[in-house]
Every structure is written in structure tokens, then in C-alpha cells.
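The values are calculated or read from the model by the stated rules, or taken from the named source; none is laboratory data. Just so you know, these numbers come straight off a predicted model, no measurement behind them. Here the Cβ is made from the backbone with ideal geometry for all residues, glycine too, and neighbour counts use every protein chain on show. Surface accessibility is based on the protein's heavy atoms, side chains included, excluding ligands, DNA and RNA. Shrake-Rupley method; radii C 1.70, N 1.55, O 1.52, S 1.80 Å.
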Amino acid sequence: MKIKIFEFNPLGVNTYVLYDETGECIVVDASCFFPDENELLLNFILDNNLTVKYLVNTHLHFDHIFGVNFMASQFGLKLQAHRDDIFLLEKMSEQLQLFGFNTNVDYTPEIGRYLSEDDVISFGEQQLKVLHVPGHSPGSIVFYNEKEQFAVVGDVLFNGSIGRTDLLGGNFEQLIEGIRTKLFTLPDKTEIYPGHGQKTTIGREKRDNPFVGTLNFKL
């Protein structure tokens, strides 16, 4: 498995292209916003002769979906995400206004499939298991590769932090519980690829994270 990371848009969202030697790939959180960001993502896929099998999102906050419609139009795909975040699409203007973005542009993607706990996303020779970890948003999900021991977690867990819970549908207690019961039960060496910032590991966050590390609770 190869993982290409792009940091896009003014909020610094990580977009991931996951692919292997078969040439099949998935794009996670297509968040490209500026025209040059759209071209950067598209050209990487074309230059590497990749076939985009799926567009998937960890959650549907506006900054994580800026580039979904662009990518969907390029490859004839529809987005896959969790049903519990659909209300965020209905409140897109409110999300954009809160952060000072143009509310006249329609970023709302078309959903082709709803992802749920324990669903498996297959592409190339890879499989990703879906873990539903609400709290940052009601429909936040994690994509876990057990074989290669990594997880793309969106804004659930960060290097030294956790996702904010003061936005629409956020729930602090629910997020903490989900991290403890669904992420911290993964092997310590599992690499964590977050929605913002640098990657980390489960072991490091279990030990040092100031919100959910061992100084604050016992497994």
C-alpha cells in the first residue's frame, strides 16, 4: 500500500490517495479548494496511471468536501460517507458562513453509498474496515487496514489532540468513548493518519495524548 498525502485549502485538510501496485486507488477527503489544488490532485492520479475506484469521506464538514464534486465529475463517481452526517450537507451554508467562506458556491456532493460500522472497502489487493467513531460529528468514520496496521481517522484523533466537539452534532463524551473503545484497542504500532497535521501512532496517543492518554484514564 502506498499513501500519498496532500494538504489542501485554507484550513489545512489532509487528502489521502491510497493505492497499490494494481493501480487501483481511493481518494479520502477530497478537500482541494483552489484551482491549482484541483490540478495537483488530478495530475498525481493521471501521472501515476491510477484508477479511482471510490471517493470516500471520513465526515462531511465543509472543509473536507471542497474537492469532492470536482473529483466526482472527473471520474464519474459518487461520494461514500456515513448517513449520520447528511444533515451537515443540508446546513452547508451555515458551515461556510461560520468560517467566512462564500456561501453562494454549491459544494454539496451526491452520495452514492452510505457507509456503516464493519463495512469493508476493497480496491486493488487492499481492504479497509469502516469503524464508526462519532463525537467530532455524528457520522465520523475511520478507515482501518488491519493487514498493514494503519488507519485514516479524519478529525477523530490527532497527533497530541482530538477533534473539536463544539460544532454541529459534536459530543465530547461520545468522542472520548469512541477513541478509547475503538481506536485504543488497535495494536500500538498502528499508524494514524489524521484529517489535519502530522501522522502518529496508537501507542503514542495512548501514552501521551493530553485528552485521552494514560495520564487521564486507565484502559
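Computed from the mean reciprocal separation of all distinct C-alpha pairs, what Kirkwood hydrodynamic radius does the chain have, in Å? Mind dumping the intermediate values first?
Details: mean 1/r = 0.0577 Å⁻¹.
Its Kirkwood hydrodynamic radius stands at 17.3 Å.
Of Phe211, Phe158, Phe8, which has the most accessible area and how do the rest follow, probe 1.4 Å?
Phe211, Phe158, Phe8
Mind putting a number on the dipole of the range 52-163 about its Cα centre? Charges go on the C-beta only, +1 for Lys and Arg and -1 for Asp and Glu, and I need it in Debye to the nearest 20. Don't skip to the end; give the middle numbers.
Working: 7 positive and 14 negative charges, 37 e Å.
The calculation lands at about 180 debye.
Accessible area per residue of the range 67-219 at 1.4 Å probe, in Å²?
Values: 7400 Å² over 153 residues.
That works out to 48 Å² per residue.
Order the following by accessible area, largest value first: Ser161, Ser73. Probe radius 1.4 Å; ligands, DNA and RNA are ignored. Provide the component values of the computation, followed by the final result.
Details: Ser161 35, Ser73 85 Å².
The most accessible residue leads, giving Ser73, Ser161.
Working with all protein chains in place, sort Lys91, Lys206 by solvent-accessible area computed with a 1.4 Å probe, largest first. Could the numbers behind the result be given before it?
Working: Lys91 70, Lys206 35 Å².
Descending accessible area places them as Lys91, Lys206.
So what are the ³J(HN,Hα) numbers for the range 5-15, from phi and the Karplus equation (6.51, -1.76, 1.60; θ = phi - 60°), rounded to whole Hz, Gly and Pro as x?
So the J values, rounded to whole Hz, are 10, 10, 10, 10, 6, x, 9, x, 8, 7, 9.
Which percent, to the nearest 5, of DSSP beta bridges fully inside the chain are antiparallel? Walk me through the intermediate numbers first.
Numbers: 26 of 40 bridges.
Of all bridge pairs located within the chain, approximately 65 percent are antiparallel.
Tell me, what is the 1.4 Å probe accessible area of Ile179, in Å² to the nearest 10?
In the full protein context, Ile179 sits at about 0 Å².
Highest mean first, what order results for 102-108, 53-59 on Cβ atoms within 10 Å?
Values: 102-108: 11.9, 53-59: 25.0.
Going by the mean number of other Cβ atoms within 10 Å, highest first, we get 53-59, 102-108.
Please name whichever of Ile26, Phe211, Gln74 sits farthest to the positive end of the charge dipole of the chain, dipole taken about the Cα centre and charges placed at Cβ: Lys and Arg +1, Asp and Glu -1.
In the chain, that residue is Phe211.
In Å and on Cα atoms, what radius of gyration and Dmax does the range 124-189 show?
Here Rg and the maximum Cα pair distance are 12.0, 39 Å.
What list of ³J(HN,Hα) values in whole Hz, one per residue of the range 112-122 in order, does the Karplus curve 6.51 cos²θ - 1.76 cosθ + 1.60 (θ = phi - 60°) give from phi, with Gly and Pro shown as x?
x, 7, 8, 9, 9, 3, 6, 4, 10, 9, 10
Say the cut-off is 31 Å between C-alpha atoms; which of Lys78/Lys206; Lys53/Lys206; Lys147/Lys206; Lys53/Lys199; Lys91/Lys189; Lys2/Lys206 go over it? Don't skip to the answer; put the middle values down first.
Details: Lys78/Lys206 36 Å; Lys53/Lys206 34 Å; Lys147/Lys206 21 Å; Lys53/Lys199 24 Å; Lys91/Lys189 38 Å; Lys2/Lys206 26 Å.
Violating the 31 Å Cα-Cα cut-off are Lys78/Lys206; Lys53/Lys206; Lys91/Lys189.
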